[in-house]
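Following: one structure in structure tokens, then a few remarks.
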Amino acid sequence: MAEREIVAVVWHEHTHSIDVVYGEGHPDTLMGTQRMAGQMAEGFGLDLVPTVPGTILWVRKPPSPPDPS
């Protein structure tokens, strides 16, 4: 079975849950701390982005377009 591409990690402060979001299919939900979520996101090469209070989101940056020069 092929590995699914991880495109985001979301940490929910209220429930202390972590959603691992894939390019296709349903996310996996784990219990964990903000630190655990951040370490996971860093390991997956994701970047922190602004979001609503109580939630922390890391996403994969889209590839940069080729330089036209």
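Within the chain, which trypsin sites (Lys or Arg not before Pro) sit in a loop by DSSP and count at most 16 neighbouring Cβ atoms inside 10 Å?
Passing sites in the chain are R4.
Would you kindly state how much longer the chain becomes between H12 and T29 on full extension, computed as 0.36 nm times their sequence separation minus their alpha carbon distance, in nm to one decimal?
5.1 nm
Cα axis of helix 34-43 to longest principal axis of the chain: angle in degrees, 0 to 90, nearest 10?
Here the helix axis deviates by roughly 20 degrees.
What is the ratio of the Cα radius of gyration of the chain to 2.2 N^0.38 Å, where N is its residue count, to two decimals?
Normalised by 2.2 N^0.38 Å, the Cα Rg of the chain equals 1.22.
So which GluC sites (Glu not before Pro) in the chain pass both tests, a DSSP loop state and at most 13 other Cβ atoms within 10 Å of the Cβ?
E3, E5, E13, E24
Since every read-out is calculated from the coordinates, none of them should be taken as a lab result. Everything quoted here is computed from the prediction, not taken from an experiment. In this analysis, Cβ positions are derived from the backbone assuming ideal geometry, glycine residues included, and neighbour counts consider all displayed protein chains.
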